[in-house]
Each structure stands twice: as structure tokens, then as C-alpha cells.
1. Right, B:Ala269: under 20 Å from B:Gln207 (Cα atoms), out of contact with any strand residue (DSSP E or B) (no Cβ under 8 Å at 6 or more places or on another chain) and either among the hydrophobic types (A, V, I, L, M, F, W, C) or free of Cβ contacts under 8 Å to residues at least 60 places away in the same chain (or both) or not?
2. Quick check on my filter: what residues within region A:313-330 are part of a helix (DSSP H, G or I) and out of contact with any Gly (no Cβ under 7 Å at 6 or more places or on another chain)?
3. Kindly check whether there is at least one residue in region A:287-295 that is in the same structural domain as A:Ser163 (by TED's automatic domain parsing) and within 19 Å of the chain's Cα centre (by Cα).
4. Whether any residue in region A:21-37 is of a type outside the set (A, V, I, L, M, F, W, C), within 11 Å of another protein chain (Cβ to nearest Cβ), over 15 Å from A:Val95 (Cβ atoms) and over 18 Å from the mean Cα position of the chain (by Cα) is what I want to check.
5. Among the residues of region A:305-316, is any without any contact (Cβ under 8 Å) to a residue 60 or more places away in the chain, closer than 25 Å to A:Pro173 by Cβ and either within 14 Å of chain B (Cβ to nearest Cβ) or in contact with a helix residue (DSSP H, G or I) (Cβ under 9 Å, 6 or more places away or on another chain) (or both)?
6. Answer yes or no: is there a residue in region A:116-136 that is closer than 25 Å to A:Asp271 by Cβ, under 20 Å from the mean Cα position of the chain (by Cα) and hydrophobic (A, V, I, L, M, F, W, C).
7. Does A:Thr333 satisfy the criteria of being at pLDDT 85 or above, β-branched (Val, Ile, Thr) and in a loop (DSSP other than H, G, I, E, B)?
Amino acid sequence: MKHLSEYRNPDRVRKIAQAIAETVTRPWTIMEICGGQTHNIARFGLEELLPKSISLAHGPGCPVCVTPVSLIDKSIAIARQPDVILCSFGDMLRVPGSRQDLFAARADGADVRIVYSPLDALALAKRNPDKQVVFFAVGFETTAPANAMAVFQAAEKRVSNFSILVSHVLVPPAIHALLSDPENRVQGFLAAGHVCAITGESEYWPIAKKYGIPIVVTGFEPVDIMLGLQRCITLLEEGRAVVENQYARIVPPDGNAPALRLIREIFEVSDREWRGLGTIPQSGFTLRKSYQEFDATRRFSIPDIPSRESPDCIAGKVLRGISTPMQCPLFETKCTPTRPQGAPMVSSEGACAAYYRYRRVQTAS
Amino acid sequence: MPTKKQLTCPIPQSDYPKITLAHGGGGLLSNELVDKIFAPVFNDPLLYERHDGARTNVKTGEIAFSTDSHVVKPLFFPGGDIGKLAVCGTVNDIAMCGAKPEFLSVGFILEEGLPMETLWQVVLSMKEAAKSAGVRIVTGDTKVVEHGKGDGIYINTSGIGQIISPTPISPASIQTGDAIILSGDIGRHGVAVMAAREGLQFESHIQSDCAPLNRMIEALFDENIEVRCLRDLTRGGLATALVEIASSSKQSIEVLETTIPVKPEVESACELLGLDPLFVANEGRCIAIVPEKAYDLTINTMKRFACGRGACRIGVIEKTSGSPQATLRTAIGTHRLLSLFSGEQLPRIC
């Protein structure tokens, strides 16, 4: 895997850091949208290389973090039904619902399994015709094509015991919501490279224009992130509100046409609730009418369960970049990855967990 | 007496091709397992006594005593199987106490329906591992659980060894300036097992590092190296071992990312699954903390053994100011604080 040596090259990273230091004349706040980027910024200690005047805000781009509690409760209620196999990606299992997480439901006897692809869940449904197999379809635009493909194949092959619990969210409406917030302090964005590999960059131009901010489509390796920051800072210094693509090796300007066609075939855009952010209009996907038979919420009649959140958790502010994890009174005390109070402490992409795990070493003074 | 060449199970297929509940009942079928499989394969005079336990003489002095249970799935994976793992697990734990492992007990929990041939292969593999470690399997027990109540085979091993280190091997013995030596590349066992698991669709040729480390450790004492602390890097991997040592020794540790060997295949698999090789399990790797002046000799001694061929120096024990911590100096030159994972490392979504 060449990209590991090429895009983690220490000399390149340091040279970019040097160039950034030479460019900056004023303080700037930049948000990386994607949890994968947050994870790597923390893992590689990249903030240590930035001038003090640059602050990074960590965005809501962690699918696990923004899945609403009500849906997690719903997934647990479905998993507890007889003859159901509930499948999900790994870190979803530890996200606290109102009363418990999916791991605890599994310990109570529910059949909850980790899969690596929605197509694995579909295969499981074919192998277990006497069970209902439900895939908890969370994620941004990145995971939407694979989830759409699972539904498409289920329809084509008439796999009637397969359904998905949809919690799909979209990046551009979230950026709109963040920028319209009166408390917003973000001046530039690093857009998520993998999301744009599907959607392309066109949706970001109107945002850059409307709010007068630069957006740089950025990859995930240290060199990518540093280059993304360098471009974003340069644009901020020059006062240019445009979209640039640092990740052109992966992101074509128009995205991935077959993937987008598949998404449009299966899903339609709808309002979505985001954990910590509330309901954002037109910010997610729902199954189209023609595929509603694969909607787990229709297949299982689960009454709405009143959901509970920890009252002291400031996850919403952290996800909006208004507060840092360290400003939360629960951070490291009542809230740790072992006993998470809010979702950003669960996933390694969540800002709180990333800070907890990789927090910068306090240099001994 | 079976030799390595005898690859088929001596219990005729027509009799009992699979384990039944009666094999754990203590009656004739239990005896048959002992007579035809365990006793002849492990082939130890103490086993032939058919006593309730093993009676033997040991040298007087300090002993180390340890136990380890194994529930790995799948039972066979590239580079090893549950039998080899069960022997190496306890052997390595005893070696890490600064002792020479001598006797093992084996407790099998078998699931009704387990193919006899599978048990046979596992037992043969235990024999090989015990031979390579130079330990004797001298007592054991078998229970059978109903079909569906187990994963084929669970194995517990316990063991006793004679302490051979002249000074206590413990985090408390660590001193500022000591060198941290890693015995080889990390992450192979965890990735090999994960790749072999059903449902994970990527091809890999990664072999588990599963191996007994005791002869390599004994060689360090033969060379009169003043070993301060030893730790095998099992669940939780290198990072967890470093964090635990820092916390119990009250000393700070710094390791250099660029000096920690990770095979490119392991690194790629970890990238794909969203895992961090520093936290991935190993079953044949350890760290030795030794005085700085002894690090050359330690590495050269380790390199004489297949399990230590990749031995290298990865860091130092630092002067502690404030709370002790384990840090990684990244290739980029930044610092990352290592801390314990809660539970298992879970693959990330994207």
C-alpha cells in the first residue's frame, strides 16, 4: 500500500507545516467535517504542528455520533424480537441508547452481529430464510451506494426476509445548519474526501458563495490533511470563498455517476433528526415508495419510545464546533470510552473519543 | 505410541466419529479418550499413573504459577490453532515471570458433536508446541457440553515453572534510562485470526506469530542480562502492555513509531479494517526492559531464536514528571498518548 509511505511522509508533512506557518497572518478557525479526519488529526498529533493561531473545530461527520437515540432504541427493540438477526457495523454496537446499547441487548440474548458490508447482511438473510435479517444502515453519502445496492439486490432476488433500518444523513445540509447558527465560529471547511468521491464537489459551491467561506475537499492521510489545511488557510488569507479539491486523485469533480444513479433509484431526500443537532430539513435519505417493503420501521411495528439523553452532555455543541471535548464537565470524569454518556465518546471517529484516546501530551513544564 | 507421522485419529471413525456427552461422563468413553488420545500423544510417565493429579519432585526455591483460557474462533488459523495457542499462552506467561516453565495441566471443554478428528489435530498440535517449549503436560481434565453450548473446543492450561531470574522481573524493577526491546513485528496474530473468520472477505497470507518464547527468555538469563521487566503482548497488543507497565511502575515510557516493525500486509489489513496495529493481539511477541548498557546483548541474544529474529529497540524509560504515561513519538515527530481501549477494538464504519 504505497499511499501509507507517500502520504505519511514525515518530511512532506513538516514542509507543509512550515509553509502554513509562513502563510498565516491572523487567527482562523477551520472545521474538518469528517470523523475519519478527526481521528487521524488526533492519531498523528497534527494539531501540534499548526501555528497557535489556527484552531480546528471537529465536525459532525461521524455517522455513529449523529444517529438519533430514538433510532438506536428502535434498533434494540427490533433486535429483541424473536427470530430477528440485527446486523450493524462494529462501533454502532456501543452507542448508548436511552437505556442500553446493542452490546447489552446481545448479552440479554438478542442476535446482534457485526458485519463489514450490507451485502454480508443480505447474504446472511439468504442463508437464514426462517429469520428476519435487519441491517442498521447508518452513514453519510459514502456508505449510501453499498446500502442502496443491498436493497436493490434484495428486490431483484426477492429476498423477502431482509430489511434496513435507515439512518442516512447528508453533509451539505449539515454545513448549512452549522453556518446559520448564530454561535458559529467556523471560517473555513475541510470537506470529506470520501463523501465527495460519491457526490462530487458541485453541491459545495453554493455554500461557499452564500456564506462567503472557502471549502477544500480533503483526503485522510496526514499529508492530505495538512495540504487541505494549507489550501484552506491560503484561501482565507486571500479572502477567496471558493471550493478547491485537494483530493483530486480520488474525487472527480462530478462524483461517481453509477453510484449516484443507484442512490437515486433506492432513496429519496427527506428531513432527518441528527443527534446533538436536532432535525435538519432535507438532510438525509429515506427509502423510496417502491422499496418501502425493505423498510424495517414498516416491517416491525415498534411504538415510538420516549428517548433520554444525559442532561450534562454537551455533544451537540461539540458536534457543531462551538465547544471542544475538553470543555465538557463530563469529559474524562463521568464520560469515558468505557462509560460513554454521549455518542462522540463512543466511535473512534467521535471528537470526544479521539481526544480521549490521542489527546496531545501535556509537555512537562 | 503415535509419532508425528500418525495423522489420523486412533479412535476408529466407525466407533465415535464425533464427541458425545458420554465422552465427558467419566465412564468408558472418557477413559477411551485418555487411553487412545491424550496419554499416548502427550506421552508423559506421570499421565500413565492415571492418578487424580500429577505427583512429582521440584527443585526447592521460587516458582511461578499461571493459567490461561483459550476460546479462539476459528479453531485453526494460518500459523496456529487453539492447541498451540493454549500451550504457548501459559508457557509465555510463566516465562514472563522470569521462570522456566516445566509442567502444564490441560482442561478441555468440548462441545457435543465435535469431530474426533478435530480434537486429534488439536492434541497433536499441543504436543508439538509442548515439545518445542520443553514442557511436560502431566495432568488434565475433559468435560463435554451440549451441542450449541460451546464453540467446539475451549482449552484451559495452567503451568508451573522454576524462577531462574536472579532479580525480580516486575514493573517495579524498572529504572529511568532503561531500554525497551521488542522481540519482533507486531499485529500478525490478531489479523491472521480476523482474516480467517467467516464473513471477512479479504484474502491474506498473514501467519499468526504464535510461538513459545521461553527458550529465548531463558537465553537472556544465561547471558547474565539484568532483565528488569518482561511482558508478552497478547490481547490489547503492544500499546496496552506499555500503558500497563507505565501505570504499575509509575515510570513514563516513550516509544518511537518508526522503530516498531509492522509487516506491510498487516498494516494494510489494519488500514482496511480501521484497526491500529499497536493494539492488535500477538501470541509470540514480548517486550524486555533492560539496562541501556545491556540492550545490544539482549537484541543479539533474542535474534538467535526464530521468535526473536526481528528484535529491536523501540524506546526508553523516561524521567517522570507528573503522572506516568506511555507516549508514542510519531513518524512525523508529534506525540500521541497511548491509553487503554475499552473492550475490543471495533472496526470503524468508514
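1. Yes.
2. Within region A:313-330, A:Lys317, A:Val318, A:Pro325, A:Met326, A:Gln327 meet the criteria.
3. Scanning region A:287-295 turns up no residue that is in the same structural domain as A:Ser163 (by TED's automatic domain parsing) and within 19 Å of the chain's Cα centre (by Cα).
4. Looking for residues that are of a type outside the set (A, V, I, L, M, F, W, C), within 11 Å of another protein chain (Cβ to nearest Cβ), over 15 Å from A:Val95 (Cβ atoms) and over 18 Å from the mean Cα position of the chain (by Cα), one finds none in region A:21-37, hence no.
5. yes
6. The answer is yes, given that some residue of region A:116-136 is closer than 25 Å to A:Asp271 by Cβ, under 20 Å from the mean Cα position of the chain (by Cα) and hydrophobic (A, V, I, L, M, F, W, C).
7. yes
A quick yes/no check of all residues on (1) loosely packed, with under 14 Cβ neighbours inside 10 Å; (2) over 21 Å from B:Gly152 (Cβ atoms); (3) not basic (Lys, Arg):
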position	(1), (2), (3)
B:Gly24	no, no, yes
B:Leu28	yes, yes, yes
B:Val34	no, no, yes
B:Ala39	no, yes, yes
B:Phe42	no, no, yes
B:Pro45	yes, yes, yes
B:Ala54	no, yes, yes
B:Asn57	yes, yes, yes
B:Ser66	no, yes, yes
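The values are calculated or read from the model by the stated rules, or taken from the named source; none is laboratory data. Being a predicted model, the structure only gives us computed values, none of them experimental. Reconstructed Cβ throughout: ideal geometry from the backbone, glycine too, with neighbour counts over all protein chains shown.
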